[in-house]
Amino acid sequence: MELCDLSAYELSLLLRQRRVSAVEILESCLRRIAQVDGRPGSLEPGEPLPEDAERVHAFITLTAERARAQAEEVDRRLAAGEPVGLLAGIPFTVKDIFCVKGTPSTAGSRILANFVAPYTATPVARMEAAGALMLGKVNLDEFTYGSSNESSAFRPTPRNPWNLDRVPGGSSGGSTASVAAGEAPLSLGTDTAGSIRQPAAFCGVVGIKPTYGRVSRYGLIAFGSSLDCPGPIARNVVDAALMLQVIAGPDPHDSTAANLPVPDYLATLDEGVRGLRIGLSPDYFRITFPDAVRGEYDQQPIPGEIEAAVRRAADILADLGAEIVEGVPMPNTRYGIPAYFVISRVEAASNLHRYDGVKYGYRTPQPVQDLHEMYRKTRNEGFGLQPKLRILMGMYVSAAQYSAQYYQRALRVRTLIRRDFEQAFDPQGKYRLHALLTPTTPTTAFRMGAIYGDSVLMQYADQLTVPANHAGIPGISIPAGLDGEGLPIGIQFLGPDFSEALLLRIARAFERATEEAPWRKVKPQVLQRLAA
Amino acid sequence: MPAETIDPATFAHLVHLAALELDEAQAEYLRRELNRQLGAIHELEAIPLDDSVPITSHGVPYTPEISPPLREDDWQPFSDAAEILGQAPQVEEGYVVVPDIPHTTLE
């Protein structure tokens with residue numbers, strides 16, 4: 001066991017006891033990166049190399065010297081007896097959708113490949129202020145538009161540390177891959193339809209989508225401004241709680257950051273689940289998706305292994321004293337993706353208009369007649385297919401003549417999705433749930449290349465996560481076992497607005513109860529190879 | 001196959017509005033995927049929505065209790081304007097330079 005395989009919490013204790021230094025922790029992570037990550041994502045990767053398929057490729061930019069300076073400062077403070085922050089000496093990676101002053105902040109896109117951020121996003125600034133060590137920027141789907149990380153302009157794209165032929169999920173795939181492979185104990189991701197929780201499930205790590213507004217979006221390169229939520233990715237629930245503690249809270253730079261005090265997430269973490277009402281919904285045990293050929297809707301149960309993992313978790317929580325409430329209706333779950341196809345595209349198109357080759361980012365080197373031609377050539381060369389698809393759809397469904405049919409209607413369907421949750425969580429209602437327990441994803445990690453290009457099927461990977469984004473409520477995905485192919489299965493807890501403390505508590509209770517489960521002893525493929 | 005909603009003419013108009021310029025292969029892929037996505041979106045039309053259902057533009061309601069007060073409308077200089085200008089593809093004497101802006105001269 002290397003230092004880099006320990007949790008942030010364990011590392012914090014060792015550091016405070018002066019049994020290790022921050023520089024030693026950093027060196028351990030850098031060694032792991034050198035062993036497993038391979039070449040970083042690049043716009044000019046050339047021909048694929050045979051060894052590419054054997055590496056994780058989480059990183060776009062490694063900031064080892066920045067992290068080393070931070071580590072040395074932590075060690076100096078500790079030696080001088082000065083106070084240090086909650087995450088002192090803990091390395092973390094940052095999804096390359098956050099601005100970090102002085103680093104390339106690319107969004108995984110050619111159009112921002114040369115953009116060096118002049119300021120730092122609030123969640124990153126808070127991590128660094130708490131003493132955490134920023135190791136670098138990790139890969140993602142271009143502008144976060146995807147569920148597999150395959151749409152990034154920076155190649156090779158990340159692979160799943162549990163099985164290198166599989167995708168890590170997305171869009172925070174570099175984040176979850178870096179945490180699963182022991183490159184860093186923590187990563188900062190974003191979740192607009194499931195982009196933290198889905199890759200967390202695929203990579204066997206913990207991911208939190210906080211309540212909308214719980215974590216500031218200042219410095220986050222925007223996708224869907226009413227949906228985007230920055231959040232923590234970690235290897236266990238305690239570490240995720242530690243990180244949320246640091247990044248959550250009001251921010252004068254973001255007027256949508258909720259002006260609410262942040263509770264002490266660690267203080268209540270081990271209070272257990274006795275007396276809590278946790279719901280199961282049949283609407284989360286099936287998926288509805290359009291058949292590509294017939295254009296009609298198919299409904300299928302989710303795979304038996306995934307349902308079994310959820311039911312096993314419910315049994316464990318029941319044994320711990322929770323009351324499991326079966327049959328909670330969430331009838332509008334199936335409309336989450338169709339509504340998202342509209343709402344997120346309108347917001348994306350609006351947010352992508354700013355990339356025009358004028359003030360920053362890529363500008364076409366071709367000769368042009370005028371400004372309009374410069375815009376067109378720049379945007380054509382700078383954007384990949386997925387941003388183009390979102391811009392075109394967003395413009396179509398928000399056009400004056402179609403807006404009532406599409407955009408206004410989708411926003412009203414969003415109200416129905418929100419009402420499903422309000423009814424389930426209503427303290428005076430029929431169900432009075434504290435949380436809903438669901439699978440995180442309809443499948444485990446799929447093969448690289450299996451779905452990419454089919455923009456409809458790819459979007460349906462988010463069917464069980466996107467309702468929380470529409471409703472604004474928090475969700476957490478935690479590992480709950482492995483399927484027959486040895487791939488991680490994630491389960492999700494959803495709760496009412498600002499109930500992160502309760503969700504963490506439930507997740508922690510499950511984690512403690514399964515500490516000795518055989519599946520917890522299985523390591524990701526890349527780490528098994530290192531040990532061999 | 002579902003009906004094709006976005007025909008080539010509508011698509012070309014969208015491409016123009018979006019300030020894009022696509023080669024044939026891209027255009028074919030994008031138009032096909034747009035129509036497939038619209039097929040999925042059409043599911044929304046089957047939902048009974050009476051007039052009492054309002055729109056939700058944000059999941060979590062912005063109440064006065066959780067909304068931060070507006071800050072003062074103060075002018076705050078950025079510490080390093082040169083760093084921001086340094087990001088621009090073409091700059092001359094503190095101005096961002098762009099190609100000719102199409103315009104007509106008024107009589």
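The values are calculated or read from the model by the stated rules, or taken from the named source; none is laboratory data. Not measured: the values here are computed from a predicted model. Neighbour counts are summed over all protein chains in view; Cβ atoms, including those assigned to glycine, are modelled from backbone coordinates with ideal geometry. Each accessible area value is taken on the protein alone, full model and side chains, heavy atoms only, with ligands, DNA and RNA left out. Shrake-Rupley method; radii C 1.70, N 1.55, O 1.52, S 1.80 Å.
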query: Per-residue mean of other chain beta-carbon atoms within 10 angstrom of the beta-carbon, peptide A:224-236?
result: 1
- prompt: At A:Ala64 and A:Ala80, where each label point lies 7 Å from the Cα along Cα→Cβ, what is the point-to-point distance in nanometres?
  reply: 2.7
query: Taking the DSSP beta bridges in the protein assembly as shown as the whole, what percent of them are antiparallel, to the nearest 5?
result: 75
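Can you tell me the equivalent ellipsoid semi-axes for the range A:342-403? Use √(5λ) from the Cα gyration tensor, largest first, whole Å. Don't skip to the end; give the middle numbers.
On the way: eigenvalues 116, 27, 18 Å².
Over the Cα atoms of the range A:342-403, the ellipsoid semi-axes are 24, 12, 10 Å.
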task: Provide A:Tyr402, A:Tyr396 ordered by accessible surface of protein heavy atoms (probe 1.4 Å), highest first.
output: A:Tyr402, A:Tyr396
Largest to smallest principal axis extent of the C-alpha atoms in the range A:421-532, angstrom: 55, 40, 21
A:Trp519 accessible area, assembled protein chains, probe 1.4 Å, Å²: 50
- prompt: With all protein chains present, how much of the accessible area of the protein assembly as shown (probe radius 1.4 Å) comes from carbon and sulfur, to the nearest whole percent?
  reply: 53
Sparse-neighbourhood loop sites, GluC sites (Glu not before Pro) in the range A:428-532 - DSSP loop, at most 11 other Cβ within 10 angstrom: A:Glu485, A:Glu515, A:Glu516
field: Cα-derived Rg to Rh of the range A:256-393, Kirkwood definition
entry: 1.18
- prompt: What does the accessible area of A:His253 come to, in Å² to the nearest 10, when a probe of 1.4 Å is used?
  reply: 110
Where B meets A: accessible area buried, both sides, 1.4 Å probe, Å²: 6200
- request: Any chance you could look up the accessible area of B:Asp51 with a 1.4 Å probe, heavy atoms only, rounded to 10 Å²?
  value: 150
Members of the range A:360-377 that become less accessible by 50 Å² or more once partner protein chains are added (1.4 angstrom probe, chain alone as reference): A:Arg363, A:Leu371, A:Arg376
statement: Rg from C-alpha atoms of the range A:90-179, normalised by the globular rule of thumb 2.2 N^0.38 Å, equals 1.06
query: Nearest 20 debye, what's the magnitude of the dipole of chain B about its Cα centre given +1 on Lys and Arg Cβ and -1 on Asp and Glu Cβ?
result: 360
- prompt: Ignoring ligands, DNA and RNA, what accessible area per residue does chain A give at 1.4 Å, in Å²?
  reply: 32
message: Just the number: Rg to Rh for the range A:38-125, Cα atoms, Kirkwood Rh, two decimals.
response: 1.06
- prompt: Over the range A:259-300, what lengths in whole Å, largest first, do the semi-axes of the equivalent ellipsoid take, defined as the square roots of 5 times the eigenvalues of the alpha-carbon gyration tensor?
  reply: 41, 16, 8
statement: Kirkwood Rh over alpha-carbon pairs of the range A:121-242 plugged into Stokes-Einstein at 4 °C, 1.567 mPa s gives a D in µm²/s of 93
- prompt: Taking the Cβ-Cβ separation of A:Leu13 and A:Glu54 as r and a Förster radius of 30 Å, what is the calculated FRET efficiency to the nearest 0.05?
  reply: 0.30
- prompt: How far is it, in nm, from the label point at A:Thr268 to the one at A:Leu43 when both lie 7 Å from their Cα along the line to the Cβ?
  reply: 4.8
task: Would you please give the FRET efficiency between B:Glu45 and B:Ala25, computed as 1/(1 + (r/R0)^6) with r the Cβ-Cβ distance and R0 = 25 Å, to the nearest 0.05?
output: 0.20
task: Set the Förster radius R0 to 35 Å, insert the Cβ-Cβ distance between A:Arg31 and A:Asp426 as r into 1/(1 + (r/R0)^6), and round the FRET efficiency to 0.05.
output: 0.10
query: Over 31 Å between Cα atoms, which of A:Lys101/A:Lys523; A:Lys430/A:Lys521; A:Lys137/A:Lys523; A:Lys101/A:Lys521 qualify?
result: A:Lys101/A:Lys523; A:Lys430/A:Lys521; A:Lys101/A:Lys521
- prompt: How well do other chains shield peptide A:385-397, expressed as the mean number of their Cβ atoms within 10 Å of each residue Cβ?
  reply: 6
task: Bin width 10 Å, alpha-carbon pairs only: give the P(r) of the protein assembly as shown as whole percents, running from 0 to the bin holding the largest distance.
output: 3, 17, 28, 28, 17, 6, 1, 0, 0
field: Peptide A:466-472, shielding by other chains (average Cβ, 10 Å cutoff)
entry: 2
statement: Here the gain from full extension of A:Ser403 to A:Gln300, 0.36 nm per residue of separation minus their alpha-carbon distance, amounts to 33.9 nm
- line: What helix-only [θ] at 222 nm does the protein assembly as shown give? Using -39500 (n - 2.57) per DSSP H run of at least 4, over all residues, to the nearest 500, the answer is -10500 deg cm²/dmol
- line: About its Cα centre, the protein assembly as shown carries a charge dipole, from +1 on Lys and Arg Cβ atoms and -1 on Asp and Glu Cβ atoms, whose size in debye to the nearest 20 is 1100
message: Can you report the principal axis dimensions of chain B using only the alpha carbons, biggest first, rounded to whole angstrom?
response: 57, 51, 37
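Just to confirm a number: summing +1 for Lys and Arg and -1 for Asp and Glu over residues other than A:Leu14 whose beta-carbon lies under 15 angstrom from that of A:Leu14, what do you get? Don't skip to the answer; put the middle values down first.
Working: positive: A:Arg16, A:Arg18, A:Arg19; negative: A:Glu2, A:Asp5, A:Glu10, A:Glu24, A:Glu27, A:Asp75, A:Asp239.
Once all neighbours under 15 Å are counted, the net charge is -4.
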